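Colleague: My questions will all concern the structure given below.
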Amino acid sequence: AHAREVSTLSCQKTLSSAKEMPAKKGTKRQVEAATPVAKKSRADATFEGVAEAIQQAVDIPEVVRTMLLAGLPDGLGTPRDERHELQTGIVSMIGEVVLGVQAKLQEGVDAEATKVGGADGRRAELGGLLAKAEAGLNAAAQDAQALAAAHAAAEATAEAAAAKLAESQEAQRAGDAAMEQAQQSKARLEMGLNVHLHGVVEAEECEHHHQALLPLLQELALDQSLMSALPSVCAKPPSERGAFDAMVLEQLGKTLGEKVAELAMFVGEAAPAAQQRAAAVAEAQAGAEAATASRASAVAALEASTLAEQAAKDAGQSAAAALAALEPEYMAATQARDEKRAALEYFKAYSVGSFELLRDKTSQTVAPTGGA
């Protein structure tokens with residue numbers, strides 16, 4: 001950005017000074033013809049060729065291009081032997097711009113030429129890929145035939161193992177349902193007995209323990225007199241409770257303890273059968289996993305063979321399609337290269353030629369004004 005600012009300021013200074021500097025002595029024809037020459041420059045194809053080059057220099061700031069276009073008639077419109085130093089500077093700047101555009105156009109030609117060379121290399125590469133794909137397709141087709149039979153056998157074994165596992169799991173679910181329900185009830189009652197009933201007996205504030213016990217007591221279908229007496233017992237602090245209150249709490253604890261013991265006995269008696277069902281499920285699970293692994297291996301082998309076959313087929317089709325598409329691609333690359341080459345040659349002949357003609361002309365080559 002700094003370099004552009006310096007270039008812009010330099011160009012502004014040069015153009016400003018060039019406009020203010022008087023013409024060389026002895027160039028009366030130039031002074032008299034200044035305005036007509038400027039008008040003629042704008043319409044003259046030679047000046048237009050240089051102006052076209054400046055307009056193509058998009059990598060320099062627009063303000064610089066504008067100033068160079070403004071200084072074009074004064075710089076290149078003055079014969080070389082009549083230019084003062086600042087006009088010569090303007091011509092030099094324009095020359096640098098013209099050469100820069102030419103270099104850019106040459107880069108474009110070189111890039112397209114590289115693409116054309118790459119397209120040529122692809123022809124040989126695609127031919128080799130096509131031959132390799134055809135050989136791979138034949139080998140994969142033979143493998144797929146043998147692997148399909150192995151996959152069918154593994155599939156049948158896996159289905160039988162899965163059915164056995166499902167049967168064992170259903171038997172376990174049905175057989176364990178009552179035991180699991182008893183275990184859950186036992187856990188809730190133990191919480192009620194050891195935590196909430198203990199809290200009612202010992203704590204000064206026991207209403208929340210009372211509320212936690214109510215659902216459990218309702219499940220036990222306790223004597224209604226106990227259920228009715230419990231709220232008044234909980235409303236009293238332990239120090240104010242009497243013998244009846246103590247009896248209510250004792251009876252409640254006894255009932256909860258008996259129910260916990262009953263459930264524990266039920267769970268203990270159901271455990272051996274549950275263990276047998278669990279062992280049957282574990283055995284069926286192991287068989288199902290082994291069968292599944294065998295099936296997965298067979299599936300993977302078959303899929304790999306199928307993928308290899310399809311890959312070979314796709315590769316062959318891709319290579320064939322690429323070969324067919326290569327010619328239009330090559331023609332397009334060649335056309336692009338030729339168009340850019342033609343643009344470069346046109347630029348060299350028109351813009352560069354015009355610049356060199358104007359740059360090198362002298363007062364001896366300028367047609368006299370007022371001629372026939």
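The values are calculated or read from the model by the stated rules, or taken from the named source; none is laboratory data. Because the structure is predicted, anything quoted here is derived from the model rather than measured. So basically every Cβ, Gly included, is an ideal-geometry build from the backbone, and we count neighbours across all protein chains shown. Heads up: the accessible areas ignore ligands, DNA and RNA and are worked out on the full protein's heavy atoms, side chains in. Shrake-Rupley method; radii C 1.70, N 1.55, O 1.52, S 1.80 Å.
Colleague: Quick check, is Ala161 in contact (Cβ under 8 Å) with a residue 40 or more places away in the chain, surrounded by 18 or more Cβ atoms within 10 Å (Cβ to Cβ) and in contact with an Asp or Glu (Cβ under 6 Å, 6 or more places away or on another chain)? I'd like the intermediate steps shown before the answer.
Modeller: Numbers: in contact (Cβ under 8 Å) with a residue 40 or more places away in the chain: yes; surrounded by 18 or more Cβ atoms within 10 Å (Cβ to Cβ): yes; in contact with an Asp or Glu (Cβ under 6 Å, 6 or more places away or on another chain): no.
Criteria not met by Ala161.
Colleague: Just one of (1) at pLDDT below 85; (2) surrounded by fewer than 13 Cβ atoms within 10 Å (Cβ to Cβ); (3) on the phi < 0 side of the Ramachandran plot trips up Gly370, so point out which.
Modeller: (3)
Colleague: I'd like to check something: does region 275-292 contain any residue that is more than 21 Å from Glu170 (Cα to Cα) and either modelled with pLDDT of 85 or more or open to solvent by 70 Å² or more (accessible area, probe 1.4 Å) (or both)? Even if it seems obvious, please write down each step before you answer.
Modeller: Filtering region 275-292 for residues more than 21 Å from Glu170 (Cα to Cα) gives none.
Among the residues of region 275-292, not one is more than 21 Å from Glu170 (Cα to Cα) and either modelled with pLDDT of 85 or more or open to solvent by 70 Å² or more (accessible area, probe 1.4 Å) (or both), which makes the answer no.
Colleague: Would you confirm whether or not region 311-319 contains a residue that is under 30 Å from Ser185 (Cα atoms), in contact (Cβ under 8 Å) with a residue 24 or more places away in the chain and surrounded by fewer than 17 Cβ atoms within 10 Å (Cβ to Cβ)?
Modeller: Taking every residue of region 311-319 in turn, none turns out to be under 30 Å from Ser185 (Cα atoms), in contact (Cβ under 8 Å) with a residue 24 or more places away in the chain and surrounded by fewer than 17 Cβ atoms within 10 Å (Cβ to Cβ).
Colleague: Follow-up question, since we're still on this one. Quickly run through region 215-244 and pick out the residues that are farther than 17 Å from Leu193 by Cα and open to solvent by less than 20 Å² (accessible area, probe 1.4 Å).
Modeller: Ala229 - this is the single residue of region 215-244 that is farther than 17 Å from Leu193 by Cα and open to solvent by less than 20 Å² (accessible area, probe 1.4 Å).
Colleague: Report the residue count in region 141-158 for those that are farther than 22 Å from Gly287 by Cα and free of Cβ contacts under 8 Å to residues at least 12 places away in the same chain. Outline the logic, then answer.
Modeller: Initial filter on region 141-158 (farther than 22 Å from Gly287 by Cα): 141-148.
Now narrow it down to the ones that are free of Cβ contacts under 8 Å to residues at least 12 places away in the same chain: 142, 145-146.
The total comes to 3.
Colleague: Of all residues in region 334-344, which are more than 13 Å from Ala53 (Cα to Cα) and either of a type outside the set (D, E, K, R) or surrounded by fewer than 15 Cβ atoms within 10 Å (Cβ to Cβ) (or both)? Don't jump to the end; show me each part of the working.
Modeller: Within region 334-344, the subset more than 13 Å from Ala53 (Cα to Cα) is 334-342.
Residues satisfying the conditions are Thr334, Gln335, Ala336, Asp338, Glu339, Ala342.
Colleague: Across region 78-98, what is the number of residues that are under 47 Å from the mean Cα position of the chain (by Cα) and touching a residue at least 60 places away in the same chain (Cβ under 8 Å)?
Modeller: Residues that pass the stated criteria total 4.
Colleague: Still on this structure: Checking Leu323 against (1) of a type in the set (A, V, I, L, M); (2) more than 30 Å from Gln56 (Cβ to Cβ); (3) at pLDDT 85 or above; (4) in contact with a helix residue (DSSP H, G or I) (Cβ under 8 Å, 6 or more places away or on another chain), which single condition isn't satisfied?
Modeller: It fails just one condition, (3).
Colleague: Name the residues in region 50-63 that are over 11 Å from Ile94 (Cβ atoms) and among the aliphatic types (A, V, I, L, M), would you? I'd like the intermediate steps shown before the answer.
Modeller: Looking only at region 50-63, we keep the residues that are over 11 Å from Ile94 (Cβ atoms), and these are 52, 55-56, 58-63.
Listed by number, the residues that qualify are Val58, Ile60, Val63.
Colleague: What is the residue count in region 326-364 for residues that are of a type outside the set (Val, Ile, Thr) and outside any helix (DSSP H, G or I)? Break it down stepwise before answering.
Modeller: Let us first name the residues in region 326-364 that are of a type outside the set (Val, Ile, Thr), namely 326-333, 335-351, 353-361, 363-364.
Within this subset, residues satisfying the condition of being outside any helix (DSSP H, G or I) are 361, 363-364.
Count: 3.
Colleague: Would you be able to say whether some residue in region 171-192 is over 58 Å from the mean Cα position of the chain (by Cα), buried (at least 16 other Cβ atoms within 10 Å of the Cβ) and in contact (Cβ under 8 Å) with a residue 60 or more places away in the chain? So that I can check it myself, show each step before the final result.
Modeller: Taking region 171-192 first, the residues over 58 Å from the mean Cα position of the chain (by Cα) are none.
Taking every residue of region 171-192 in turn, none turns out to be over 58 Å from the mean Cα position of the chain (by Cα), buried (at least 16 other Cβ atoms within 10 Å of the Cβ) and in contact (Cβ under 8 Å) with a residue 60 or more places away in the chain.
Colleague: Only one of Leu323, Leu302 is part of a helix (DSSP H, G or I), over 30 Å from Lys164 (Cα atoms) and open to solvent by less than 70 Å² (accessible area, probe 1.4 Å); which? Let's see the steps before the verdict.
Modeller: Numbers: Leu302 fails: over 30 Å from Lys164 (Cα atoms).
One residue alone meets the criteria, Leu323.
Colleague: Is there any pair with a first residue in region 258-285 that is in contact (Cβ under 8 Å) with a residue 24 or more places away in the chain and under 19 Å from Asn194 (Cα atoms) and a second that is of a type in the set (Lys, Arg) and part of a helix (DSSP H, G or I) whose Cβ atoms are under 8 Å apart and which are 6 or more apart or on different chains, and what are they?
Modeller: Val260/Lys186; Leu263/Lys186; Ala264/Lys186
Colleague: Please list, ordered by first then second residue, the pairs with beta carbon atoms under 9 Å, 6 or more apart or interchain, first in region 49-77 and open to solvent by 30 Å² or more (accessible area, probe 1.4 Å), second small (Gly, Ala, Ser) and assigned to a loop (DSSP other than H, G, I, E, B).
Modeller: Arg65/Ala57
Colleague: Looking only at region 69-93, filter to residues that are among the polar types (S, T, N, Q) and in a helix (DSSP H, G or I); which one of those is nearest to Gln56 (Cα to Cα)?
Modeller: Of all residues in region 69-93, those among the polar types (S, T, N, Q) come to 78, 87-88, 92.
Pick out the ones that are also in a helix (DSSP H, G or I) and you get 87-88, 92.
Values: Gln87: 22, Thr88: 22, Ser92: 17 Å.
So the residue we want is Ser92.
Colleague: Test Thr14 against the criterion of being of a type in the set (S, T, N, Q), in a helix (DSSP H, G or I), modelled with pLDDT under 50 and over 20 Å from Ser354 (Cβ atoms), and give yes or no. Talk me through it step by step, then tell me what you get.
Modeller: Values: of a type in the set (S, T, N, Q): yes; in a helix (DSSP H, G or I): yes; modelled with pLDDT under 50: no; over 20 Å from Ser354 (Cβ atoms): yes.
In short, no.
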